[in-house]
Amino acid sequence: MISTDGILITLALIILIGYVGDYLFRLTRIPEAVILMLIGLLLVPVSHVVPTKYVALLRNLAPLFGDIALVMIMFDGGRRISFRTPISSSGLGLALAMLDVVMPSALLAVVMNSFLGWPLVYGAILGAILGETTTTVIIPVATRLSISDSMYNTIVVEATFNSVVSILLFYLLTILLTGQFSALSYTRYVISYFSIAVFLGLIMGILWLLALSWIRSAKAYVVTIGIAFLLYGVVDLLGGAAVVAVLIFAVIIGNHDVISDYFGLRLNIDEERLNIVEGELEFLVRTFFYVLIGMISIISLYYAILAMAITGVLLAIRYIEVYSIVRDSRFSTLLFALAPRGLTAAVLASIFLNMGYNPYSTYVFLVTFMVIIFTNIISSGLLSLIVKEKVKSEEQEMKG
């Protein structure tokens with residue numbers, strides 16, 4: 001029998017591990033994702049410190065935390081879409097974000113089918129999951145680097161929107177697994193799927209802005225996140241694309257200043273407090289997923305080799321897309337290095353595992369676990385080399 005005390009101790013342990021991981025990241029610069037997943041690996045598959053019955057319970061909670069994570073990712077991504085930002089300055093980031101997801105999805109569909117006999121759709125799903133580059137690593141790194149505003153904007157836009165594109169493509173592909181579709185019926189289903197979300201996202205966003213013009217409570221920022229969760233649940237129950245509804249809602253909330261100026265509204269949204277609440281929720285969800293993935297993963301040489309090969313494919317794709325689009329060699333080198341996979345990949349892999357399309361759900365999950373580790377280690381190493389080279393060149397300039 002599973003005791004309440006045991007559950008609370010396990011959850012407390014995961015939260016404490018999250019703080020330890022954050023501390024070790026600041027101390028060693030080893031990516032937090034790698035630290036947390038390796039700790040999870042040590043706790044269960046290696047040492048069996050946490051009983052398997054509690055791990056099974058945590059795995060059952062993964063869909064709930066997955067939905068919470070998706071809401072937070074889309075809410076954050078939507079709020080970063082600014083109506084004030086010129087399209088020209090974010091165009092490169094948007095183009096890279098699309099290529100980050102579409103190219104791996106298309107190529108891995110063919111590669112996994114040709115070499116391992118996977119059905120095309122499962123290879124495409126794996127590519128969609130591995131298409132994101134994690135904002136939790138990239139944005140802090142970009143903030144510390146001495147780069148131009150346009151470079152920083154490109155990096156942030158790419159890292160934010162490839163997560164959004166990754167989630168959308170993932171759900172479009174998983175729809176194909178639910179039944180037999182003709183091209184026409186699939187198109188109709190997708191249109192219906194998105195129409196519900198777009199309509200309700202717009203309505204809820206506008207209504208909530210009007211409500212905020214009357215609300216003067218200091219807790220309005222917490223309620224705003226609560227409305228995002230409510231919207232996700234309602235749209236999902238109605239059979240719509242819940243993540244799209246949250247994205248549109250977030251775009252409206254994120255541009256409240258522009259909209260309020262246009263319509264003459266007086267809004268009470270404390271962006272700083274909203275970011276704090278969102279950041280704390282993201283910390284809990286991120287810690288849960290990284291540790292859980294480590295706990296339920298299998299130590300396998302086969303999956304390690306397969307993940308290394310797929311990481312090589314992802315790096316090749318990254319090299320081609322970056323160096324074919326970006327002409328500035330210094331910027332292209334930095335962009336190439338900023339390619340660690342993270343929270344979105346972990347969440348989508350966990351969601352796909354719980355969908356139960358075995359054996360491919362398990363294959364995708366285990367490969368994703370290893371790819372997250374490999375890409376974070378490689379990215380961390382490349383960034384260290386770039387920083388050292390930059391410091392060296394600056395010292396030479398000072399001497400000259």
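Here are the numbers for the structure shown:
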item	result
Hits in the range 318-347 (condition: charged (D, E, K, R), in a loop (DSSP other than H, G, I, E, B) and closer than 19 Å to Glu389 by Cβ)	Asp328
Filter result for the condition that a residue is more than 28 Å from Leu172 (Cβ to Cβ) and surrounded by 23 or more Cβ atoms within 10 Å (Cβ to Cβ), over Gly279, Gly294, Gly342	Gly294
Tabulated pairs, the range 256-285, first in contact (Cβ under 8 Å) with a residue 12 or more places away in the chain and under 24 Å from Ile15 (Cβ atoms), second hydroxyl-bearing (Ser, Thr, Tyr) and in a helix (DSSP H, G or I), C-beta under 6 angstrom, 6+ apart or interchain	Arg273/Tyr221; Leu274/Tyr221
Matching helices (runs of 4 or more DSSP H) fully within the range 130-212 where at least 2 residues are among the charged types (D, E, K, R)	149-175
Residues being modelled with pLDDT under 90, small (Gly, Ala, Ser) and farther than 15 Å from His256 by Cα - total across the range 198-231	2
Positions within the range 1-14 being β-branched (Val, Ile, Thr), surrounded by 14 or more Cβ atoms within 10 Å (Cβ to Cβ) and at pLDDT 80 or above, in sequence order	Ile14
Qualifying residue in the range 299-315 (condition: closer than 23 Å to Leu99 by Cβ, buried (at least 20 other Cβ atoms within 10 Å of the Cβ), within 18 Å of the chain's Cα centre (by Cα) and of a type in the set (Val, Ile, Thr))	yes
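The values are calculated or read from the model by the stated rules, or taken from the named source; none is laboratory data. None of the values given here were measured: they were computed from a predicted structure. Virtual Cβ from ideal backbone geometry, glycine too; neighbours counted across all protein chains shown.
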